[in-house]
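Remarks on the structure that follows.
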C-alpha cells in the first residue's frame, strides 16, 4: 500500500454499494423523512469526523451520489462483487486518517456519541467492534486502524473471501460489549438498519420521537 500523509484526525466510511435486494431498491437513494437515506448518515457523521468517504459500487452510482452528498468524498469499489470486504478495503485506502469508522448506508439512527466512544476505545488496537451478549458483532458499525485493516482486507480479497468476518481474524480487535454503550444510546437504536419494508415502516414511526438529544448530535469544535 502506498504511503500517504495523514491529513485528518478521524474519518468515516459509508459503504453504499449494496443493491438492497430485499427492499427492491438502492438503499442509499431511499427517501427517508424528506431526504435520501445516505444524506442523513453523512450529515451526522460530519459532526464527529473530519471527513466522510462514500464507497459506491460503480461510476453510475457515484455520479448520482455526488449531487446528494456533496460534503462527502466519493470513490468506487475496487472489486465489484466482493461485497463489504472490497468496500472496506477501498474506503480505508482512500481515507486520510489513522482511524476510520465504517458503516453501511442503511442506519438512520447513527448515534455520534457512540461513535465517539468507539474511536476512543480503538486506540492501541486494530479495531473496536461492538459485540452483543449472544456473540454477534457489528463489523459495519465499528472503528478500524487504517493500515492494519487494509492489509487484512487485501489478503482476504487475494484469497477470494467475501465475508467481512475473514479480515477481522487478522486484526487485534477490542470487543466492545454493547452494554458499555447504553449510557450514550439507551435503546441502542444506532444499530437499527433497514433490510425490509417492515424495518422501514418501523423506522418512520421511531423517527417521530427521534430528536437531537436522542441522536446524540455534536457540534464540531
Handout entry: Answer residue from the stretch 205-216, given it is part of a loop (DSSP other than H, G, I, E, B) and within 28 Å of residue 11 (Cβ to Cβ) and is modelled with the highest pLDDT among those
Key = 210
Exercise for the section: Could you list, in sequence order, all residues of the stretch 149-177 that are surrounded by fewer than 19 Cβ atoms within 10 Å (Cβ to Cβ), part of a helix (DSSP H, G or I) and either in contact with a strand residue (DSSP E or B) (Cβ under 9 Å, 6 or more places away or on another chain) or free of Cβ contacts under 8 Å to residues at least 40 places away in the same chain (or both)? Expected result: 155, 158, 165
Fill in the blank from the handout: Here the residues within the stretch 127-148 that are over 18 Å from residue 116 (Cα atoms) and in contact (Cβ under 8 Å) with a residue 40 or more places away in the chain are 132, 133, 147
Fill in the blank from the handout: Restricted to the stretch 190-204 and to residues being part of a helix (DSSP H, G or I) and at pLDDT below 95, the residue surrounded by the most Cβ atoms within 10 Å (Cβ to Cβ) is 203
Practice task
Run residue 93 past the list (1) out of contact with any strand residue (DSSP E or B) (no Cβ under 6 Å at 6 or more places or on another chain); (2) touching a residue at least 40 places away in the same chain (Cβ under 8 Å); (3) assigned to a loop (DSSP other than H, G, I, E, B) and report the number of the one that doesn't hold.
Solution key: (3)
Completion exercise
The residue that is modelled with the lowest pLDDT, considering only those in the stretch 57-75 that are within 13 Å of residue 15 (Cβ to Cβ) and crowded, with 19+ Cβ neighbours inside 10 Å, is 57
Fill in the blank from the handout: Within the stretch 103-131, restricting to residues that are in contact with a helix residue (DSSP H, G or I) (Cβ under 6 Å, 6 or more places away or on another chain) and assigned to a strand (DSSP E or B), the one that is surrounded by the most Cβ atoms within 10 Å (Cβ to Cβ) is 130
Handout entry: Options 219, 134; residue that is part of a loop (DSSP other than H, G, I, E, B) and either at pLDDT 95 or above or buried (at least 17 other Cβ atoms within 10 Å of the Cβ) (or both)
Key = 134
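Within the stretch 57-70, which residues are more than 19 Å from residue 87 (Cβ to Cβ) and part of a helix (DSSP H, G or I)?
First pass over the stretch 57-70, keeping only residues more than 19 Å from residue 87 (Cβ to Cβ): 67, 70.
Result: 67, single match.
Kindly indicate the residue of the stretch 44-56 that is assigned to a loop (DSSP other than H, G, I, E, B) and touching a strand residue (DSSP E or B) at 6+ places or on another chain (Cβ under 9 Å) and also surrounded by the most Cβ atoms within 10 Å (Cβ to Cβ) among those meeting that condition. Before you say what the answer is, go through the steps one by one.
If we filter the stretch 44-56 for residues that are assigned to a loop (DSSP other than H, G, I, E, B), which is where we start, we get 46-50.
Within this subset, residues satisfying the condition of being touching a strand residue (DSSP E or B) at 6+ places or on another chain (Cβ under 9 Å) are 46, 48-50.
Details: 46: 17, 48: 23, 49: 25, 50: 14.
Among those that are assigned to a loop (DSSP other than H, G, I, E, B) and touching a strand residue (DSSP E or B) at 6+ places or on another chain (Cβ under 9 Å), it is 49.
The values are calculated or read from the model by the stated rules, or taken from the named source; none is laboratory data. Note that the structure is predicted; figures quoted are calculated from it, not measured. Backbone-built Cβ (ideal geometry, glycine too); neighbour counts: all protein chains shown.
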